[in-house]
1. What number goes with the only condition from (1) surrounded by fewer than 18 Cβ atoms within 10 Å (Cβ to Cβ); (2) in contact with a helix residue (DSSP H, G or I) (Cβ under 6 Å, 6 or more places away or on another chain) that E29 does not pass?
2. Are there any pairs with C-beta distances below 8 angstrom linking a residue in region 101-114 that is surrounded by fewer than 11 Cβ atoms within 10 Å (Cβ to Cβ) to a residue that is not β-branched (V, I, T), with the two at least 6 apart or on different chains, and if so which?
3. Are any of the residues in region 42-62 of a type outside the set (S, T, Y) and in contact with a strand residue (DSSP E or B) (Cβ under 8 Å, 6 or more places away or on another chain)?
4. Exactly one of (1) modelled with pLDDT under 95; (2) under 23 Å from G18 (Cβ atoms); (3) in contact with a Ser or Thr (Cβ under 9 Å, 6 or more places away or on another chain); (4) aliphatic (A, V, I, L, M) is unmet by A63. Its number?
5. Filter region 46-78 for residues that are in contact (Cβ under 8 Å) with a residue 12 or more places away in the chain and open to solvent by 100 Å² or more (accessible area, probe 1.4 Å); which is nearest to M107 (Cα to Cα)?
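The values are calculated or read from the model by the stated rules, or taken from the named source; none is laboratory data. A quick note: this is a predicted structure, and the numbers were derived from the prediction, not measured. Counting neighbours? That spans all protein chains shown, and the Cβs are built from the backbone with ideal geometry, glycine included. Keep in mind that these areas ignore ligands, DNA and RNA; they rest on the heavy atoms of the full protein, side chains included. Shrake-Rupley method; radii C 1.70, N 1.55, O 1.52, S 1.80 Å.
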Amino acid sequence: MLEPSDVLALYYTSLYSGDLGTVKELMTEGSYIMTLETFGLRLALRDQEFKSQLKKIEHDEDALAEVENKLSYDLIDRRNSPKIDIKSVSWNGENRQTIDYTEDGKMKKLYFSKEKDGWKINYYAGRKVE
């Protein structure tokens with residue numbers, strides 16, 4: 001089972017190589033949808049059809065597949081390979097962790113929850129649970 005620090009590194013490698021299948025496996029479903037919406041915003045501003053599809057991804061498998069396909073190529077075209085440096089890891093309860101890190105020198109934070117199939121990026125896991 002991958003530890004959260006391994007998930008973090010694999011997330012960035014997969015994201016910017018356009019491997020959204022792996023990104024999807026590393027995240028909870030809700031967090032993955034939010035990631036598609038966030039990274040798809042730039043493309044949605046230039047492509048009205050993509051914008052329309054992006055709005056439907058939670059309820060329409062065909063729209064989700066099309067968004068993943070187009071966004072994958074867009075992420076590859078960005079040619080981004082950020083330098084990630086983990087600064088600290090803290091527990092937010094028995095099955096939650098927070099990693100503070102820098103992405104190209106900019107401070108960031110990601111939350112993780114331990115799911116039945118391993119550690120996942122979970123944007124909702126930031127609050128402490130006893």
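1. (2)
2. G105/K83; M107/K87; M107/D100; M107/Y101
3. To start, the set of residues in region 42-62 that are of a type outside the set (S, T, Y) comprises 42-51, 53-62.
From what is left, the residues that are in contact with a strand residue (DSSP E or B) (Cβ under 8 Å, 6 or more places away or on another chain) are none.
Within region 42-62, none of the residues are of a type outside the set (S, T, Y) and in contact with a strand residue (DSSP E or B) (Cβ under 8 Å, 6 or more places away or on another chain).
4. Looking at each condition in turn, A63 falls short on (1).
5. Y73
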